[in-house]
Amino acid sequence: MDLYFDNAATTKLSERALAAYIETSRAIWGNPSSVHAKGLEAKRKLEEERIKASSLIGIEAGNLFFTSGATESIAAVFSSLLFTTPGKIIISRIEHEAVSSWLPVLRQHGWKTAELRAKGGFVDPDDLKAELTPDTKLVAVMAVNNVTGAIQPISRLVSVVREYEKENRRHIFFFSDSVQALGKTDYEIESLGIDGASFSGHKINGPRGIGMLYLRNPSSFRPIAPAGGQEKGKRGGTENLPAIAALTAAMEEWLSGQKESNMRVQAMKERIVSALVEMDYDILSPVCSSPYIISFASRLPSEVYTRMLSDKDVFVSSGSACSNNAKGEGEKILLGMGIRPEKARNAVRISLSNSTTEEETEALIRIIKETGNGR
Ligand code: PLP
């Protein structure tokens, strides 16, 4: 039996999402921008899916834009800064590289940048307060960290920014990469008061290559690539209607059972964590973290350990698998939260899905026990 515990990297496409993909590809293949009947049919479907998706996450349809994934949603926001007079941006030191890779680009264009530490895994609102300056234009802190699962205090961070705005009388865009939060933690965009957020389909049993961008105030947002004016001019390019329908189907499925799944997954997480502690492994994920992510330090370099498990058909990740191309990203995040380098080098991430079973969990624990730690 394959034991797939790398769901923070990607999840398996659900049957319902696949069916929606196939059905839409077959039946509604017109271009939503065409003015003939086939195009209008596709446009209708697109807007129906937008209404469904936005109501599932508790926002207005006009605030939701489909993109090719979270990376593109993030790029849309960060690249739009290049149109404006350079100022300062503040991000956390534990951001995914889809966000952090924008820092050198912006610096090259005259922007000042600051990275907030995340001691113990969390960004401290006081650290943010200390970094705010009159020329700050954007703050970005992710909702849930992809390496440790740490749930960030977004509401409190937003409050710090809004307080500062009152004195400074200038709006600061608060962005939150919410890829690992949607469906996996209590997450309500509207109550957070953020200005923008990114989401990805393939983390919740949807297809890859589809994502969403939330914009609280779309009218003030100027994208770098409006191209053919699709997505109300916020994201050019022919809409991937089958993937959008599949994403919506996956969201419907995932979110409808979210409460029960999260409780069940939390129980499995606790079982794994206590087994790891019993085996004397260090848990790197803080207590306030996603039920779906466990980071721990093995006693071998993470690549060696993950390969040993892979040889036994157990699939986990060394650090952040979404970014194995940029080696060391997971390590950088762990160092950013104050983990010692020797532990960060040995970090392994186990990530669960809503379809993970107790049987798989027990088998994982058994194999971790058998594998030992090379001592
Ligand atoms: N942000 C976080 C926190 C992620 O975990 C990922 C995963 O890859 C991304 C962004 C990028 O998402 P996508 O693959 O949709 O571009």
How many angstrom separate the Cα center of segment 252-273 from the Cα center of segment 127-200? 25 Å
Anyone know which of S92, S14, S155 comes out most mobile in the 10 Å Cα GNM of the chain? S155
Give me the distance in nm between label points sitting 7 Å out from Cα along the Cα-to-Cβ direction at T238 and R169, one decimal. 5.0 nm
Phi-derived 3J(HN,Hα) across segment 28-35 with the Karplus relation (6.51, -1.76, 1.60, θ = phi - 60°), rounded Hz, x for Gly and Pro, is 10, 9, x, 8, x, 8, 6, 8
Counting only the backbone N, which residues of segment 50-85 are under 17 Å from the spot 7 Å out from the Cα of A225 toward its beta-carbon? 65-83
Taking the DSSP beta bridges in the chain as the whole, what percent of them are antiparallel, to the nearest 5? 50 percent
FRET efficiency for D280 and R208 from the Cβ-Cβ distance with R0 = 41 Å, rounded to 0.05, comes out at 0.65
In a Gaussian network model over the chain where Cα atoms closer than 10 Å are linked, find which of V287, V147, V314 has the largest mean-square fluctuation. V287
Which of K43/K259; K203/K259; K129/K203 have a Cα-Cα distance over 23 Å? K43/K259; K129/K203
Which residues' amide hydrogens lie under 5 Å from the amide hydrogen of D282, considering only partners 5 or more residues apart or on another chain, with H built in the peptide plane? A297
Can you pull the percent of the chain's accessible area that's carbon plus sulfur, 1.4 Å probe, other chains left in place? 52 percent
Go ahead and estimate [θ] at 222 nm for the chain from helices alone: -39,500 (n - 2.57) per DSSP H run with n ≥ 4, summed, over the residue count, rounded to 500. -12500 deg cm²/dmol
Please compute the per residue accessible area over the chain with all protein chains in place, 1.4 Å probe, rounded to a whole number of Å². 43 Å²
Nearest-0.05 FRET efficiency for K259 and E342, computed from C-beta distance (R0 35 Å): 0.35
Tally Lys and Arg at +1 and Asp and Glu at -1 over the other residues with C-beta under 13 Å from the C-beta of E342: what net charge comes out? +2
Among A140, A130, A181, determine the one that fluctuates most according to a GNM of the chain built with springs between C-alpha atoms less than 10 Å apart. A130
For K312 and N31, compute 0.36 nm times the residue count separating them, minus their Cα-Cα distance, and round to one decimal in nm. 96.5 nm
Would you pull out the residues with amide H under 5 Å of S92's amide H, same chain only if 5 or more places away, H placed 1.01 Å from N? L116, A140, M142
Residues with amide H under 5 Å from that of A150, placed H, sequence gap 5 or more: N145, S290
For segment 157-279, the Cα convex hull volume per residue in Å³ comes to 153 Å³
From the alpha carbon gyration tensor of the chain, can you work out the equivalent ellipsoid semi-axes (sqrt of 5 times each eigenvalue) and give them in Å, largest to smallest? 34, 28, 17
Residue-by-residue Karplus 3J(HN,Hα) for segment 342-347, coefficients 6.51, -1.76, 1.60, Hz, glycine and proline x: 5, 7, 4, 5, 9, 6
Compute, for H109, the solvent-accessible surface of its heavy atoms (probe 1.4 Å) with the complete set of protein chains present, and express it in square angstrom to the nearest 10. 100 Å²
Output wanted: per-residue J couplings in Hz (rounded whole) for segment 181-192, from phi through Karplus 6.51 cos²θ - 1.76 cosθ + 1.60, θ = phi - 60°, x for Gly and Pro. 9, 4, x, 10, 9, 5, 9, 10, 4, 4, 6, 6
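The values are calculated or read from the model by the stated rules, or taken from the named source; none is laboratory data. All values reported here derive from a predicted model rather than from experimental measurement. Cβ coordinates were reconstructed from backbone atoms using ideal geometry, including for glycine residues, and neighbour counts include every protein chain displayed. Accessible surface is based on the protein model in full, side chains and every heavy atom, while ligands, DNA and RNA are left aside. Shrake-Rupley method; radii C 1.70, N 1.55, O 1.52, S 1.80 Å.
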